[in-house]
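Contents: one structure, followed by commentary.
The values are calculated or read from the model by the stated rules, or taken from the named source; none is laboratory data. Treat the numbers as computed from the prediction; the structure is a model and nothing was measured. So basically every Cβ, Gly included, is an ideal-geometry build from the backbone, and we count neighbours across all protein chains shown. Side chains included, ligands, DNA and RNA excluded: accessible areas come from the protein's heavy atoms. Shrake-Rupley method; radii C 1.70, N 1.55, O 1.52, S 1.80 Å.
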Amino acid sequence: ILNVEQSPQSLHVQEGDSTNFTCSFPSSNFYALHWYRWETAKSPEALFVMTLNGDEKKKGRISATLNTKEGYSYLYIKGSQPEDSATYLCAFENNAGNMLTFGGGTRLMVKP
Amino acid sequence: GAGVSQSPSNKVTEKGKDVELRCDPISGHTALYWYRQSLGQGLEFLIYFQGNSAPDKSGLPSDRFSAERTGGSVSTLTIQRTQQEDSAVYLCASSFLNYEQYFGPGTRLTVT
């Protein structure tokens, strides 16, 4: 059983705050680490696919880093806005196929 | 263009009845995946199709669950003799070969 964990489980921040959360995953048989944003009643939306150790990706105010040797990825949101409120999921993809193993998600709530 | 669609969006069924969930992937996507999210749990992999064949059925929770894909396109997930623990959101995703997965809106199944 692959262990993909995310912390914290939930986070409440004020509009304008910057925030970050963590995804930890197995460091062996790594192929890719995916980040998704899942708003209530909508489909999960792909944010990043990260494959290389030391990778850093950015999309607007959201960025992510990857450390495959120690098995963690951070997602950062700069200047949170209420529309950033969602569950952020990471998913580990191993090199034996492209089944994704998801973490439990971090539920972010941004108060105006 | 059109994304992944799923039907029905909501299904309420009585314990012991059979249900069939449908997924229409993005046209041209060769791979199709089924996941589910039970209340308070992370996303759980169920089954993966490459074309019409399912090389990985490891996630199906019991022999009451089956899935098929015909014509390399539409897939149906069938749950026989539903139990209350089958209540969950069932998500379908598709991808071209082994690239990024795009998710549908999900089917919320409630077994009473």
Could you go through region B:56-75 and let me know if any residue there is of a type in the set (Ser, Thr, Tyr), touching a residue at least 60 places away in the same chain (Cβ under 8 Å) and in contact with a Ser or Thr (Cβ under 6 Å, 6 or more places away or on another chain). no
Residue hits (region B:94-112; touching a His at 6+ places or on another chain (Cβ under 9 Å) and assigned to a strand (DSSP E or B)) are B:SER94, B:SER95, B:TYR102
Hey, A:GLY103 hits all of (1) in contact with an Asp or Glu (Cβ under 9 Å, 6 or more places away or on another chain); (2) open to solvent by 40 Å² or more (accessible area, probe 1.4 Å); (3) modelled with pLDDT under 95 but one; which does it fall short on? (2)
Return the residue satisfying two criteria in turn: it lies in region B:66-112 and is open to solvent by 60 Å² or more (accessible area, probe 1.4 Å) and more than 23 Å from B:SER27 (Cα to Cα), and of such residues it is farthest from the other protein chains (Cβ to nearest Cβ). B:ARG81
Select from region B:31-65 the residues that are within 11 Å of chain A (Cβ to nearest Cβ) and over 13 Å from the mean Cα position of the chain (by Cα) and write down the one among them that is nearest to A:THR101 (Cα to Cα). B:GLY42
Top-ranked residue of region B:1-30 - restricted to ones that are of a type in the set (Gly, Ala, Ser) and open to solvent by 80 Å² or more (accessible area, probe 1.4 Å), ranked as farthest from the other protein chains (Cβ to nearest Cβ): B:SER27
Test for B:LEU60: is it open to solvent by less than 50 Å² (accessible area, probe 1.4 Å), modelled with pLDDT of 90 or more, of a type in the set (A, V, I, L, M) and not in a strand (DSSP E or B): yes
Heads up, the strands (runs of 3 or more DSSP E) in region A:3-54 (entirely inside) with at least 1 residues that are among the polar types (S, T, N, Q), over 13 Å from A:ALA91 (Cα atoms) and open to solvent by less than 20 Å² (accessible area, probe 1.4 Å) are A:19-24
Just one of the numbered conditions (1) more than 13 Å from every other protein chain (Cβ to nearest Cβ); (2) polar (S, T, N, Q); (3) touching a residue at least 12 places away in the same chain (Cβ under 8 Å) is not true of A:SER28; which one? (3)
Taking only pairs six or more apart or across chains, which ones have beta-carbon atoms under 6 Å, a first residue in region A:87-112 that is touching a residue at least 12 places away in the same chain (Cβ under 8 Å) and away from chain B (no Cβ under 11 Å), and a second residue that is of a type in the set (D, E, K, R) and part of a loop (DSSP other than H, G, I, E, B)? A:VAL110/A:GLU15; A:PRO112/A:GLU15
Scan region A:69-83 for residues that are surrounded by 21 or more Cβ atoms within 10 Å (Cβ to Cβ) and either of a type in the set (Val, Ile, Thr) or within 12 Å of A:THR19 (Cβ to Cβ) (or both) and jot them down. A:LEU75, A:ILE77, A:SER80
